[in-house]
Structure formats: structure tokens, C-alpha cells
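Have a look at the structure below, then the notes.
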Amino acid sequence: MAPFPLNVGLVGTGYAAKLRAEAFQADSRSQLAAVVGHELERAVAFSQTYQAEALDNWSALLDRPEIDLVVICTVNRDHGAIARAALEAGKHVVVEYPLALDVAEAEMLIALAKTQNKLLHVEHIELLGGLHQALRKSLPQIGSVFYARYATINPQNPAPQKWTYQPELFGFPFLGATSRIHRLTDLFGTVTTVSCQARYWRQPEVDQDSGFYQACLCTAHLNFANGVLAEVTYGKGETLWQSARTFEVQGTQGALVFDGDRGTLIQAAGEQVVEVGGRRGLFAKDTANVLDHLYKGTPLYVSPEASLYALKVADAARRSAETGQVVAVGG
């Protein structure tokens, strides 16, 4: 049983951190005790909104014995280091995906959490969203699936000078955006081989020293052990002109096509609308699931091992893009 209320330490002051803080504040089983930001001024402003204490670094947060749970909502590069230190300090850990940018580090963290007998939860709210739930529910209606295509493209002009456009901080696109791979592995299981191509656009006079790029576009082809062939595309930035959030699945008895929040089931008898739930409140659902698990032993909706497997597939895509070769995926 977790202590009541659960004292939460939050690393990050961005959008995800804001939604986490609101969720913990709204639940009587938890209280936000301390906040760490990239800049102390932002942490102070953030903490005042949620009646928490602002700290200037995450090591100071972990030194607080009263902190029971550490929630990591900062740049992807730092997820692994903070999670490891938090677990070694005897804290439960919730981390926004990815668990780490290095597969070996992610494996070590899962083993460490088990040794410490502490919670390690990797957020994957894409599984809780209306699109994924509608897709999973409707899959039996299209027979044996043989092909899937998933694309998320976000044009931004001008591209923001944010950490999400800096490879060192965000990681290879499919590592930083592991959810794109995880949707597919959750639906279709084990991947045998991956091929991937990646392209980046930079302004040499602006981006060479900073490490930022203006845009990226990645496409990976995944061959699943059950025969499904999947194509996944991720893009963002200035060079892209048409946004997309589409998911198409072809089966022997029909197809499912989702465009944004509109779903369609196509069969020989005709087409029908597939109801798709909204995307609001997913961080609150994830947070409630974590608290239910800590207080009641309720199962979590996703395991760190499932997140790790998606990370392995994403890393195989990275290696394929770098070498130009088809890469086999290990267990």
C-alpha cells in the first residue's frame, strides 16, 4: 500500500507536466509536493499554480525522503538517468515515453525496478485514446489482417526552436515518438524485420552549431511474424505542407480507415461509420490508473516490457536508416 496521500515530485514544466499536475491535484490520494524545471524561474511560476515547492535540480528532488513518486516529463535524453537515480533512491517512477533512448539502459531500468520492488510505469496514452480503442474493437470485423498504414505528419512553419527538433535531446524520430511503433506492436505483436528511411532538412547557417533541424520525415516498413506488413510515417516541420493523422488497416473481409477522428468500416455490403472517442482527459486516466495500481493493486493498462519491445523495434528502424540495410528485430 502506498502512503496516503502520495507525495509526488514532478520533473518538467511543459504541457505534459501541466496535465500531470492537474490530475494529481484533482485526486485526494496524491499531492504535488515539489517541481523541478529546466529553468528555476519557470519552476517557481509552475509550482505556485499548484501549491508545490520549486527546486533547482532533480537531484535535490530525489534527496527528499518525503517524495514517494517521481514523474518524469522532461527531455527524452534525460529520462533514463533520472529514472535510474529515482529508483536507486527508493522512489516509484512514472515516465513519459520513451523510457530511455538506449535499449540496454531501458532493459537495466526494468530490472532495477524489480530489484527495488518499485513501480516503473511508462506512459502510453495512445492505447487509451478513442482511435486505438475503436480500432482494436473493430478489427475482428475485417477478417485476417495483412496490411496496415499509419501516418502522423505535422507541418510547422516556422519550425520551433524546441528540444523536439534537436536529435540529441529528442532522439531518432521513432525513438522519441515511440508511440507510433507501439500502436502497431500492441495490435499485431512480434516484428521480424524493419527497413527505414529518414530525411532531415537544416539551414546550415542556423542549425549546424545548434543541432536543430527544420524538418524531418521518416518512413519504416515492419514485417510482423503473423504476416502483417505495416508502414508507419512520422514527419514534422517546415518542409511539409499537408498535415495527416491517418490509420488504415486492410483485412480479408474488409478495411478500417481512420482520418483524424473519423472512422469508417468498409466491407462488401458497404460502408459504415465507426465511432471514435475523444482524446481529452487521457493523462488523467493514466494518472488514475497509476494511483489505483499503487493503492488497490489494479493492473496497469501497459507494461514496461511492452514499451521496451516497441523501443527495440524503433531502434532497429534507426539502425536501418543509418545503414540502408534491413534489420532483424531481436526478442
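Taking the alpha-carbon distance from Lys236 and a cut-off under 18 Å, which aspartates and glutamates remain once sequence neighbours fewer than 8 residues away in the same chain are dropped?
Excluding near neighbours in sequence, the set is Glu168, Asp207, Asp259.
Using just the helices of the chain, give the 222 nm mean residue ellipticity in deg cm²/dmol: DSSP H runs with n ≥ 4 each add -39,500 (n - 2.57), and the total is spread over all residues, rounded to 500.
-11000 deg cm²/dmol
Given charges of +1 on the Cβ of Lys and Arg and -1 on the Cβ of Asp and Glu, with all other atoms neutral, how large is the dipole of the chain about its Cα centre, in debye to the nearest 20?
Numbers: 28 positive and 34 negative charges, 140 e Å.
The dipole magnitude comes to about 680 debye.
Quantify, in whole percent, the carbon and sulfur part of the accessible surface of the chain (1.4 Å probe; protein heavy atoms only).
On the chain, the fraction of accessible area on carbon and sulfur atoms equals 50 percent.
Using modelled amide H (1.01 Å from N, peptide plane; none on Pro or chain starts), what sits under 5 Å from the amide H of Thr193, excluding residues fewer than 5 places away?
Those qualifying (amide H under 5 Å, at least 5 residues apart or on another chain) are Asn223, Val329.
So for each of 58-71, 309-322 I average, over its residues, the number of other beta carbons within 10 Å; can you give me the resulting order with the highest mean first?
309-322, 58-71
Mind checking the per residue accessible area of the range 24-133 for me, 1.4 Å probe, whole number of Å²?
Per-residue accessible area for the range 24-133 comes out at 41 Å².
Under a Cβ-Cβ cut-off of 13 Å, what is the net charge of the residues other than Phe188 that fall near it, where Lys and Arg count +1 and Asp and Glu count -1?
Net local charge, Phe188 excluded: +1.
Please go through the residue pairs Lys114/Lys285; Lys118/Lys296; Lys137/Lys296; Lys118/Lys312 and name each one whose alpha carbons sit more than 20 Å apart in this structure.
Table pairs above 20 Å Cα-Cα are Lys114/Lys285; Lys137/Lys296; Lys118/Lys312.
Contact order normalised by length for the chain, with contacts defined as Cα pairs under 8 Å and 6 or more residues apart; what percent is it?
Relative contact order of the chain: 19 percent.
Can you give me the relative contact order of the range 66-125 as a percent, contacts being Cα pairs under 8 Å and 6 or more apart? The partial results should precede the final answer.
On the way: 87 pairs, mean separation 22.0, N = 60.
Across the range 66-125, relative contact order equals 37 percent.
Roll a 1.4 Å probe over the protein chains and send me the accessible area per residue for the range 186-331 in Å². Could the numbers behind the result be given before it?
Working: 7280 Å² over 146 residues.
The answer is 50 Å² per residue.
Positive end of the dipole of the range 190-322, charges at C-beta (+1 Lys, Arg; -1 Asp, Glu), about the Cα centre: which of Phe283, Thr298, Ser320 has its Cα farthest in that direction?
Thr298
Would you mind telling me which residue in Gly297, Gly254, Gly176 has the biggest mean-square fluctuation in a Gaussian network model of the chain, where springs connect alpha carbons within a distance under 10 angstrom?
Result: Gly297 has the largest fluctuation of those listed.
If you average the sequence gap of Cα pairs under 8 Å that are 6 or more apart and divide by the length of the range 79-189, what percent do you get for the contact order?
27
The values are calculated or read from the model by the stated rules, or taken from the named source; none is laboratory data. All values derive from a computational prediction rather than experimental measurement. Here the Cβ is made from the backbone with ideal geometry for all residues, glycine too, and neighbour counts use every protein chain on show. To get the accessible areas, we keep the full protein, side chains included, count just its heavy atoms, and leave off ligands, DNA and RNA. Shrake-Rupley method; radii C 1.70, N 1.55, O 1.52, S 1.80 Å.
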